[in-house]
Amino acid sequence: MMRKLISWLSFMMAFCLVLLSCVHDEIYTASDPASKEYHSKSLWKEDEKYIKNVMKVYSEHHEEIKKGAGEPMWDYAMTMDRFDESFLMVPVAEQGKVVAVLNVPRKGQKVYFTYTQVQNDMEFFQNLISFRTKRAEVTLMDNTTGKLVCTTKTVSVWIPDNESDSSDGHWESHHVTECKSQQLESCVGEVLPDGTCLGGGGNDPGYPYPGGGGEDPQPEPEDPCDKLKSQTQNQAFKNKVAALDKDEVFKEDKERGYAAAYGTVPYESLANSSNGNVMFPEGNKYFGYMHTHLNMEGVVKIFSPYDVATFLTSCVANAKLKGNMTDAYAMVITSEGNYILKYSGDGNFAVTVGQLKNWKSWYEIEYNKLLDEKLFTQPNIEKLFTQFLQEVVNINGLEVYQADKATGSTSKLQYNGADNPVQSIPCPQ
């Protein structure tokens, strides 16, 4: 009994200290929410440079950005294990109650503010800022070329079973998940609990990111054929292609691949997920990748919808941050042919989770038709894929090329109607 009493008194002393600290913080936050000094109270390591820069933008445009009641509690902002000045989530609270979560992605040289009212997320942050004893649990990540990258964080709070004896109780866990696709959702403004988007106003509701100098100074796009020629003739590129383009590799039960990166190490091996697919790495230094599709029954020996999405949302996005989107490429190496995706547009595109689901559905239905009708030949696969790019994905500047296995020379493949074969347009040598 004496041990329980000592434990209870110790807990109450710690509880009162935490309570005093938190109350002081709430009063301070309410008095000057947009300009108070930032002191992280997150249970995880955060990208504090990005948080402080976003705070500066919010402070300067507070009246324009603010939607509804409450103010951001910046001390609890989380960047979800990303340290490339690209994303944060912060609870918005009124009188200590979380009423929304503010998501702030950066796209190029601008940041965008979106208010959401997802109940699970609000409960997570409510427990994060609570007075109760709390602990962080394992951070989970899902990162494959077959899926968009998601990060889940979990916080547990201690709930006493008896208010008179806090040593007896249980832990309650709450989690918050953030996917990269959030950066690419079309809604910027306020998202209601039912998913309704209230919009953000104007053609581009973004705000210049500090030090960004306004809009990205994009150079004149380089001709994809010229860019492909310089990339495919690079000796390091040719060495990696040669390592993958082998009969014994196509007979393996797991894909192989390499990621192309800016910096001193141009290529890094891709890890495999549990189902044998390669996983695209985290970080904004990767602008391209090559990988194999194996000789398994029913495997489509050209890009999948997820390959296309990874190319657009990771490779093109990262290359844009570095100043030249034509650096980006994705390559699939198969026993029937080698293919490369390139992009020469203006970067004004979006890939949402809903779009990706539609791409996958169309793709599976149409390729299964080829299988059922015994028309599963490589020319028909190429024809269907070029139709997929043109009529389903329909993003200006997104093109597919075929690389000759013997010479490395490239030709653009273009859909030429249902009754005609694919048009092959050789790049100048």
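The values are calculated or read from the model by the stated rules, or taken from the named source; none is laboratory data. Note that the structure is predicted; figures quoted are calculated from it, not measured. Glycine gets a Cβ as well: all are built from the backbone with ideal geometry, and neighbour counts include every protein chain shown.
Modelled with pLDDT of 95 or more and surrounded by 19 or more Cβ atoms within 10 Å (Cβ to Cβ), is that true of Gln402?
Yes, satisfied.
Looking at the stretch 298-310, can you tell me whether even one residue there is small (Gly, Ala, Ser) and free of Cβ contacts under 8 Å to residues at least 60 places away in the same chain?
no
Suppose we filter Ser269, Ser274 for residues that are surrounded by fewer than 18 Cβ atoms within 10 Å (Cβ to Cβ) and either under 22 Å from Gly323 (Cα atoms) or at pLDDT 90 or above (or both); which single one remains?
Ser269
Within the group Ala350, Ala309, Ala330, which residue is modelled with pLDDT of 95 or more, within 20 Å of Phe388 (Cα to Cα) and of a type in the set (Gly, Ala, Ser)?
Result: Ala330 is the single residue among Ala350, Ala309, Ala330 that is modelled with pLDDT of 95 or more, within 20 Å of Phe388 (Cα to Cα) and of a type in the set (Gly, Ala, Ser).
Gln355 - would you say it is in a strand (DSSP E or B), crowded, with 16+ Cβ neighbours inside 10 Å and assigned by TED's automatic domain parsing to the domain that holds Ala242?
no
A quick yes/no check of all residues on (1) under 21 Å from Lys320 (Cβ atoms); (2) not in a helix (DSSP H, G or I):
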residue	(1), (2)
Tyr50	yes, no
Met55	no, no
Gly68	no, yes
Asp75	no, no
Asp84	yes, yes
Val99	no, yes
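Quick one: which of Lys322, Lys369, Lys342, Lys360 is without any contact (Cβ under 8 Å) to a residue 60 or more places away in the chain and under 23 Å from the mean Cα position of the chain (by Cα)?
Being without any contact (Cβ under 8 Å) to a residue 60 or more places away in the chain and under 23 Å from the mean Cα position of the chain (by Cα) holds for just one of Lys322, Lys369, Lys342, Lys360, which is Lys360.
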